[in-house]
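Engineer: Got a structure here, written out as structure tokens. Questions coming.
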Amino acid sequence: MSPETVEASRGMMGEFAHRLRKNPLAVFGFVVLSILVLVAAFAPLIAPYGYSDQFLEHAFEPPNAKFLLGTDEFGRDILSRLIYGARVSLQVGFVAVGLALSVGGFLGAVAGYYGGFCDNAIMRCMDVLLGIPSTLLAIAIAASLGPGLVNLMISVGIAQIPFYARIVRGAVLSVRGQEFVEAARAMGSGDLRIIFRHIIPNSMAPIIVQTTLDVAYAILSAAGLSFIGLGVQPPFPEWGSMLSGGRQYIFEAPHMTLFPGITIMLTILSLNFLGDGLRDALDPKLRR
């Protein structure tokens with residue numbers, strides 16, 4: 001890579017970072033998401049107690065000096081469980097979206113590049129999946145695979161595959177006829193090299209934005225599946241299952257549902273803010 005190319009790349013990254021910093025909501029989302037990632041990574045050092053430690057004599061205690069966010073029906077510290085639950089929720093969000101992006105992105109790239117019968121066959125299959133509400137599809141897959149963390153990630157990821165297939169297909173269609181693709185083909189590059197070396201990198205802007213927004217959707221879907229018993233099983237903490245476990249005590253101990261609900265809301269909100277900020281920063285037509 002020539003020095004001019006490196007300098008141009010740095011200039012583009014600097015301009016992107018500058019536009020992103022001008023959006024206070026995007027900065028807020030980035031800061032909150034960074035804090036959540038750090039909390040999840042260092043959960044054993046941050047959490048005051050283990051996620052399964054029980055203090056039965058302190059069951060249903062409201063927030064106090066010893067238990068900052070109170071305790072649940074088994075006397076487990078809610079703050080500690082929320083901290084450990086960040087590991088599960090973020091893992092589900094990123095792994096599920098990674099699965100959807102890998103499979104759906106490949107199918108969309110192949111469909112958009114080759115067109116014709118290949119395009120019709122792949123996209124009609126995606127249309128069938130799109131005809132099923134994604135939440136209902138995730139529930140059906142999770143119910144057939146059974147509860148558990150791995151099955152939860154698979155079910156949420158499969159439900160999102162059609163969306164990425166359509167997004168990547170549209171992005172590939174918009175660039176496959178441009179001069180740099182024709183030049184690569186004239187130089188003897190193979191189809192896979194052209195797709196993954198030239199077309200996909202030049203179609204990343206909408207994919208990055210959609211990925212950020214879909215992590216929020218995946219976390220919300222995982223919480224919903226855990227809420228109905230199809231996600232992570234006790235005693236492992238997950239924000240949706242904590243919300244479900246506290247609903248029967250909502251009048252006696254409202255803090256059991258209040259704090260998991262606020263955590264889910266804040267996480268989804270920060271991811272949406274960051275996704276909107278990335279969209280504005282990556283799209284020159286939306287510059288402020």
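Engineer: Being outside any helix (DSSP H, G or I), of a type outside the set (Ser, Thr, Tyr), modelled with pLDDT under 90 and surrounded by 14 or more Cβ atoms within 10 Å (Cβ to Cβ): is that true of Pro206 here?
Structural biologist: Criteria not met by Pro206.
Engineer: Name the residues in region 51-65 that are part of a loop (DSSP other than H, G, I, E, B), free of Cβ contacts under 8 Å to residues at least 24 places away in the same chain and surrounded by 14 or more Cβ atoms within 10 Å (Cβ to Cβ), would you?
Structural biologist: Across region 51-65, the qualifying residues are Gln54, Phe55, Ala59, Glu61.
Engineer: Further question: Here is a check on your reading of the model: is Val209 among the aliphatic types (A, V, I, L, M) and within 27 Å of Met153 (Cα to Cα)?
Structural biologist: Judged against the criteria, Val209 is a match.
Engineer: Further, regarding this structure: Given Asp276, Asp280, which one is more than 13 Å from Val32 (Cβ to Cβ), at pLDDT below 80 and either of a type in the set (Asp, Glu) or in a loop (DSSP other than H, G, I, E, B) (or both)?
Structural biologist: Testing whether each residue is more than 13 Å from Val32 (Cβ to Cβ), at pLDDT below 80 and either of a type in the set (Asp, Glu) or in a loop (DSSP other than H, G, I, E, B) (or both) leaves just Asp280.
Engineer: Val150 - would you say it is in a helix (DSSP H, G or I), of a type outside the set (S, T, N, Q) and at pLDDT 85 or above?
Structural biologist: Considered against the rule, which asks whether it is in a helix (DSSP H, G or I), of a type outside the set (S, T, N, Q) and at pLDDT 85 or above, Val150 comes out as yes.
Engineer: Separate question: If I filter region 96-106 for residues that are polar (S, T, N, Q) and touching a helix residue (DSSP H, G or I) at 6+ places or on another chain (Cβ under 6 Å), do I get at least one hit?
Structural biologist: no
Engineer: Which number in (1) over 19 Å from Ala40 (Cβ atoms); (2) in contact with a helix residue (DSSP H, G or I) (Cβ under 8 Å, 6 or more places away or on another chain); (3) modelled with pLDDT of 75 or more; (4) in a helix (DSSP H, G or I) marks the one condition that Ala183 misses?
Structural biologist: With (1) over 19 Å from Ala40 (Cβ atoms); (2) in contact with a helix residue (DSSP H, G or I) (Cβ under 8 Å, 6 or more places away or on another chain); (3) modelled with pLDDT of 75 or more; (4) in a helix (DSSP H, G or I) applied to Ala183, the lone miss is (2).
Engineer: Could you tell me whether any residue of region 66-89 is without any contact (Cβ under 8 Å) to a residue 12 or more places away in the chain, among the polar types (S, T, N, Q), in a helix (DSSP H, G or I) and closer than 23 Å to Leu152 by Cβ?
Structural biologist: no
Engineer: Can you pull out every residue in region 135-147 that is touching a residue at least 24 places away in the same chain (Cβ under 8 Å), part of a helix (DSSP H, G or I) and surrounded by fewer than 19 Cβ atoms within 10 Å (Cβ to Cβ)?
Structural biologist: Once the filter is applied, which keeps residues that are touching a residue at least 24 places away in the same chain (Cβ under 8 Å), part of a helix (DSSP H, G or I) and surrounded by fewer than 19 Cβ atoms within 10 Å (Cβ to Cβ), region 135-147 yields Thr135, Ile139, Ala143.
Engineer: Okay, next question. So, Leu230, is that one outside any helix (DSSP H, G or I), in contact (Cβ under 8 Å) with a residue 24 or more places away in the chain and either crowded, with 22+ Cβ neighbours inside 10 Å or in contact with a helix residue (DSSP H, G or I) (Cβ under 9 Å, 6 or more places away or on another chain) (or both) or not?
Structural biologist: Criteria met by Leu230.
Engineer: Right, another one. Looking at region 241-275, which of its residues are buried (at least 17 other Cβ atoms within 10 Å of the Cβ), hydrophobic (A, V, I, L, M, F, W, C) and over 18 Å from Gly70 (Cβ atoms)?
Structural biologist: Within region 241-275, Ile268, Leu271, Phe273, Leu274 qualify.
Engineer: While we're on this one: Based on what the data block shows, is Ser155 of a type in the set (Ser, Thr, Tyr), farther than 13 Å from Ser203 by Cα and under 15 Å from the mean Cα position of the chain (by Cα)?
Structural biologist: yes
Engineer: May I pose another question? For Ser174, are the conditions met, namely being surrounded by fewer than 23 Cβ atoms within 10 Å (Cβ to Cβ) and either without any contact (Cβ under 8 Å) to a residue 12 or more places away in the chain or among the charged types (D, E, K, R) (or both)?
Structural biologist: Judged against the criteria, Ser174 is not a match.
The values are calculated or read from the model by the stated rules, or taken from the named source; none is laboratory data. The model shown is predicted, which means the values in this text are computed figures rather than measured ones. Heads up, the Cβs are rebuilt from the backbone with ideal geometry, glycines too, and the neighbour counts pull from every protein chain shown.
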